[in-house]
Every structure is written in C-alpha cells, then in structure tokens.
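Report on the following structure.
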Amino acid sequence: MKTAVENKETLLKRLDGLRQIPTIPSVLAPLLRYLQQPVEQLDVQKVTDMIAQDKSLAAQCLQMANSPLFGRWQKAESLRGAVIGLGFHRVGDIAMSCGVLNMLPKGSGGMDPVVFWEHSLGCALVSRHFARKISFADPGKAYLAGLLHDLGIIVNLWVMPQEFRAAFELAKSEGIPLHEAEERVLGFTHCESGRLLAERWELAPDLIEVVSLHHSPQESLNYGGLVALVKLSDLLCRMSGLNYGYVEAREVNLRQEAGFATLAAECPALNEFDWARLTFELDSYMDEVHSLVHAIYRT
Ligand SMILES: [Fe+2]
Ligand SMILES: [Fe+2]
C-alpha cells in the first residue's frame, strides 16, 4: 500500500484530473440558483418542472416530502402539491438532500451507502432541530451544513475506494473516529478532500468552512458558531444510532468539546440547554430516518 504522502499526492492528482470528480447533479445547480430569488418572484410550476426533469429525483423528493421529518400533516400526492404544502425552501432542501446523496458510488469503500445517507440526513435534521432550540440565526443553513459536512467522504469513495476502505476498517476495528483513521492510513482526512470539492463547486464560504473544519472548529475564523453547531450535531449522531455503522469507544462530554464556547457566545441559550431532552427527541427521529432512507434508497 502507498504511503500517506503518496496518497495525498494521488488524491490531488485524481481530483485535478476531473474525470472522476462528482459534479453537482445537473438539476440542482439551476434549481438552487432559482430559489435564491425573493419568494414573491418564485413560481410553483417552474420549481416543480425543474425537479421533474429527473424522474428518480422527483420520486425521492415526493417520498421525503411526505415524511413526518419534514413536517407534513397531509399527504402530498404530487410534486406540485409538495411544493405548495412545504414551501419552496423546504423542497429545495429535500432536492439537495436526494441529489447530493445520490452521488455516492454504490458498493465500494466498505461504507454502506445507506448508513452514509442516514448519518448525513440525520445530521442535517439534528443540526436544524438543535439550531431552533438554541435560537441560532439560520436553521435552514444549519440543515444544509449538516447535510454536506461529510462531503469529503464521497470524494474519498470516488477517488481512492481501496485506501478509504482500509481507513474505514481501521476506524471500525479500533472504535476510533473516522477522521483519525483516515489521517493514519491516507495522510489526510475527508475534511481536506471535502474542501477541494466544496471549493470546486463554489459553495458558500460558510459551508466550505463547515466541510473543512467540522473536526477542528477551533480553527474556524469566520463562521465559528455554524461550524461548532454542526460539529456537536455530528457528534450526537455518531454517539447514537445515526453513526457510520460502528460505535466509537469513548466517552463524550459535549460541554468540553472544542467550539462549544464559541457557539455559546453566539447562542446564550446553549448554557441552559436541556441535553437529556434533546437526546430523547433525537431517539424519536432515529426510527423515522432509518425507515425513510431505506424507502428512498429502494426508489
Ligand atoms: Fe466528518
Ligand atoms: Fe459526520
């Protein structure tokens, strides 16, 4: 097997080669651009038509829109109904979720794609829920940041599936965080490879920071609150049934985690936060996330 330094060079070379780089799904870029306009200028049919161009994406979106996780109280029979019932931005979040997660290569790298979906979607939902609870300024952004935080895992699965498999097996067998195993086996982590793709996709600067610094929030210069929020949500997911398919062997005290103080300074409600209640609420999410992801993955 190659050394860590060689792996890093290979990663950069393969990323530069562009051939194997996942591109942002073609339906999503124009949709997300369109949704940035003021709400009064948006058109229900136009959004519906844009998503409907990709039949399987449309079917997945409808399934997700009808999940209790997205607050539906009445079943949407059509994509148009979902856009009307849930609103433009929530449908945008759903389309982004399905589109990005569909980029995962199937059956390589040792990580079960269903598990990765569950972790990413779980982290998106937990980030949004947590953001609302502590009055974080932008819960919608928290959702997107939670969804995309592990973008680098997708990159690693594409560009070096065998090496990533070795890192994943090491993490699993020793019960250590995945990024520590990647550092040992690959010489870089999904934070670095994720940053390369996030920059190439021209994601917003706050999302780029989340992708590249969610395992070292103390290094965040401009978006410390958002990065810390996603880091804590990611930890909550990894400590629960929304992990990467294995349980990490360690005790976590969230209050002592890097980034906690930064987030508390931005959201004072965090100091009085009822963690036991949040854990209880997350338990009810978990079953929904599992059944939703299994249903969508078969679509
Ligand atoms: Fe991560
Ligand atoms: Fe994660």
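Computed values, structure above
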quantity	calculated
Among the residues listed as Ser212, Ser216, the single one being surrounded by fewer than 20 Cβ atoms within 10 Å (Cβ to Cβ), within 16 Å of ligand 2 (Cβ to nearest atom) and of a type in the set (S, T, N, Q)	Ser216
Checking Gly152 against (1) more than 12 Å from ligand 2 (Cβ to nearest atom); (2) outside any loop (DSSP other than H, G, I, E, B); (3) over 28 Å from Leu270 (Cα atoms), the condition it does not meet	(1)
Complete set of residues in region 233-254 that are open to solvent by 40 Å² or more (accessible area, probe 1.4 Å) and either among the hydrophobic types (A, V, I, L, M, F, W, C) or assigned to a helix (DSSP H, G or I) (or both)	Met239, Val247, Ala249, Val252
Test set (1) outside any helix (DSSP H, G or I); (2) in contact (Cβ under 8 Å) with a residue 40 or more places away in the chain; (3) within 15 Å of ligand 1 (Cβ to nearest atom) - Val230 fails condition number	(1)
Candidate set from region 191-209 (those that are open to solvent by less than 40 Å² (accessible area, probe 1.4 Å) and of a type outside the set (A, V, I, L, M, F, W, C)); member that is farthest from ligand 2 (Cβ to nearest atom)	Asp206
Within region 4-42, considering residues that are assigned to a loop (DSSP other than H, G, I, E, B) and at pLDDT 75 or above, the one surrounded by the fewest Cβ atoms within 10 Å (Cβ to Cβ)	Pro38
Test: residue in region 197-208 that is at pLDDT below 95, in contact with a Ser or Thr (Cβ under 9 Å, 6 or more places away or on another chain), within 16 Å of ligand 1 (Cβ to nearest atom) and in a helix (DSSP H, G or I)	yes
Enumeration of residues in region 156-170 that are among the small types (Gly, Ala, Ser) and buried (at least 24 other Cβ atoms within 10 Å of the Cβ)	Ala167
Some residue of region 154-163 being touching a Cys at 6+ places or on another chain (Cβ under 7 Å) and of a type in the set (Phe, Trp, Tyr)	no
Identity of the residue in region 255-264, without any contact (Cβ under 8 Å) to a residue 24 or more places away in the chain and open to solvent by 40 Å² or more (accessible area, probe 1.4 Å), that ends up farthest from Phe136 (Cα to Cα)	Gln256
Qualifying positions in region 51-84 - open to solvent by 20 Å² or more (accessible area, probe 1.4 Å) and touching a Gly at 6+ places or on another chain (Cβ under 7 Å)	Arg72, Gln74
Residue identified as touching a helix residue (DSSP H, G or I) at 6+ places or on another chain (Cβ under 9 Å), crowded, with 20+ Cβ neighbours inside 10 Å and either closer than 21 Å to Pro139 by Cα or small (Gly, Ala, Ser) (or both) among Gly87, Gly110, Gly92	Gly92
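For every residue, the table says whether it meets (1) among the charged types (D, E, K, R); (2) free of Cβ contacts under 8 Å to residues at least 60 places away in the same chain; (3) open to solvent by 20 Å² or more (accessible area, probe 1.4 Å); (4) within 16 Å of ligand 1 (Cβ to nearest atom).
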{"residue": "Cys98", "(1), (2), (3), (4)": "no, no, no, no"}
{"residue": "Leu101", "(1), (2), (3), (4)": "no, yes, no, yes"}
{"residue": "Arg128", "(1), (2), (3), (4)": "yes, yes, no, no"}
{"residue": "Leu144", "(1), (2), (3), (4)": "no, no, yes, yes"}
{"residue": "Ile154", "(1), (2), (3), (4)": "no, no, no, yes"}
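The values are calculated or read from the model by the stated rules, or taken from the named source; none is laboratory data. This one's a predicted model, so the numbers in the text were calculated from it and none came from an experiment. For neighbour counting, all protein chains shown are included, and Cβ atoms are generated from backbone atoms with ideal geometry for every residue, glycine included. For the accessible areas, the whole protein counts, side chains as well, though only heavy atoms, and no ligand, DNA or RNA atoms are used. Shrake-Rupley method; radii C 1.70, N 1.55, O 1.52, S 1.80 Å.
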